[in-house]
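The values are calculated or read from the model by the stated rules, or taken from the named source; none is laboratory data. All values derive from a computational prediction rather than experimental measurement. Using ideal geometry, Cβ is built from the backbone for each residue, glycine included, and neighbour counts are taken over all protein chains shown.
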Amino acid sequence: MWALLAAGALGLVAGVLAGLFGVGGGILFVPTLTLVLGLTQLHAEASSLLAILPTAAAGAWRQRTYGNVRWRPALVVGVAAIVGVEAGVQIAEALPEHVLRRLFGLLLLAVAAQLAWRSRRKPPYAS
Amino acid sequence: MRLILIGLVAGFFSALFGVGGGIVVVPLLILVARYSERPAMATSLAAVGLISLVGAISYGFHGELKPGAAAVVGIPAALGAVFGSSLQQRLANRTLSLAFAALLAGIAVWLLV
């Protein structure tokens, strides 16, 4: 019972982050499904994709009313991604998982730094 | 062309980590396709929905889905996403960018340690 409540609460948090930042929430769903609900890694990754569906649909539906969704680019990115998935599966089987985790972690750090750098503003008046 | 590349990269990481790919799509739309924050995040959600639909169907054929477990996290998450999207409209682009960068850095640290 407590596990179900905890998983639901983590799902809610993942959903808020998903809506706020336009991600699906999978990064939180997978550990919730494995650590709280006891699924295997494979079942968790599969079920995470299923949980992302209502999350992304609800978020995109809200965003549509705000006029923020660009449907054609979303379709292009989505269809191209499905091709990319195939390549990802091949590489995932060829490289050890801890190497992949490290590489992805470093990539995310670099992206975070670049986003933060881009957000910096010049002072409103010249000194 | 850029959009196709963004999709390929997102799908690639999506397959590796069982995520929808949004944490890759959003920064690429902002940094590469020069979207501003809100359209990037909204468009990413729509793309992620499509990616996860295809992914879930493909896993479904292999019998690896646990619909009950997915509902336990997915239904509260859908409610959360409605709230999160509304909250997003009230935040400045710069705040969104910096908060998202902090989220990415947090995930990166978690992956690296």
Q: Sort out which residues of region A:25-48 are buried (at least 24 other Cβ atoms within 10 Å of the Cβ), part of a helix (DSSP H, G or I) and touching a residue at least 24 places away in the same chain (Cβ under 8 Å), and write them in order of number.
A: A:Gly26, A:Thr32, A:Leu33
Q: Might you check whether a residue that is surrounded by fewer than 19 Cβ atoms within 10 Å (Cβ to Cβ), under 19 Å from B:Ser14 (Cβ atoms) and under 17 Å from the mean Cα position of the chain (by Cα) occurs anywhere in region A:7-18?
A: no
Q) List the pairs whose first member sits in region B:11-32 and is over 18 Å from B:Ser58 (Cβ atoms), whose second member is small (Gly, Ala, Ser) and modelled with pLDDT under 90, and whose Cβ atoms are under 6 Å apart, counting only residues at least 6 apart or on separate chains? A) B:Gly22/A:Gly24; B:Val24/B:Ala10; B:Val25/B:Ala10
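Name the residues in region B:94-111 that are within 7 Å of another protein chain (Cβ to nearest Cβ) and within 21 Å of A:Leu42 (Cα to Cα), would you?
Looking only at region B:94-111, we keep the residues that are within 7 Å of another protein chain (Cβ to nearest Cβ), and these are B:94, B:97-98, B:100-101, B:103-105, B:107-108, B:111.
Matches in region B:94-111: B:Ile107, B:Leu111.
For every residue, the table says whether it meets (1) over 20 Å from B:Leu16 (Cβ atoms); (2) free of Cβ contacts under 8 Å to residues at least 24 places away in the same chain; (3) more than 7 Å from chain A (Cβ to nearest Cβ); (4) more than 13 Å from the chain's Cα centre (by Cα).
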residue: B:Ser44; (1), (2), (3), (4): no, yes, no, no
residue: B:Val48; (1), (2), (3), (4): no, no, no, no
residue: B:Val54; (1), (2), (3), (4): no, yes, no, yes
residue: B:Tyr59; (1), (2), (3), (4): no, yes, no, yes
residue: B:Gly68; (1), (2), (3), (4): yes, yes, yes, yes
residue: B:Ile75; (1), (2), (3), (4): yes, yes, no, yes
residue: B:Val82; (1), (2), (3), (4): yes, yes, no, yes
residue: B:Gln89; (1), (2), (3), (4): yes, no, no, yes
residue: B:Ala92; (1), (2), (3), (4): yes, yes, yes, yes
**Q.** Hey, A:Ala74 within 7 Å of chain B (Cβ to nearest Cβ), surrounded by fewer than 24 Cβ atoms within 10 Å (Cβ to Cβ), at negative phi and assigned to a helix (DSSP H, G or I) or not
**A.** no
Q. Given the structure, is B:Val54 in contact with a Phe, Trp or Tyr (Cβ under 6 Å, 6 or more places away or on another chain) and either surrounded by fewer than 20 Cβ atoms within 10 Å (Cβ to Cβ) or hydrophobic (A, V, I, L, M, F, W, C) (or both)?
A. no
Q: Count, please, the residues in region B:94-110 that happen to be under 17 Å from the mean Cα position of the chain (by Cα) and under 16 Å from A:Thr32 (Cα atoms).
A: 1
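Do the conditions hold for A:Gly22, that is, is it touching a residue at least 12 places away in the same chain (Cβ under 8 Å) and either under 17 Å from the mean Cα position of the chain (by Cα) or at the interface with chain B (Cβ under 7 Å from one of its Cβ atoms) (or both)? Break it down into steps so the answer makes sense when it comes.
Details: touching a residue at least 12 places away in the same chain (Cβ under 8 Å): yes; either under 17 Å from the mean Cα position of the chain (by Cα) or at the interface with chain B (Cβ under 7 Å from one of its Cβ atoms) (or both): yes.
Yes, satisfied.
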Q. Under 17 Å from A:Phe21 (Cα atoms) and surrounded by fewer than 20 Cβ atoms within 10 Å (Cβ to Cβ) - does that describe any residue in region B:37-46?
A. no
Q.
Checking B:Ser36 against (1) on the phi < 0 side of the Ramachandran plot; (2) within 7 Å of another protein chain (Cβ to nearest Cβ): exactly one of these is not met. Which one?
A. (2)
Q | Meets criteria (out of contact with any strand residue (DSSP E or B) (no Cβ under 7 Å at 6 or more places or on another chain), modelled with pLDDT under 90 and among the aromatic types (Phe, Trp, Tyr)) for A:Trp117 | A | yes
Q) Which one of these is more than 7 Å from chain B (Cβ to nearest Cβ), of a type in the set (S, T, N, Q), in a helix (DSSP H, G or I) and farther than 30 Å from A:Ala3 by Cα: A:Gln63, A:Gln90? A) A:Gln90
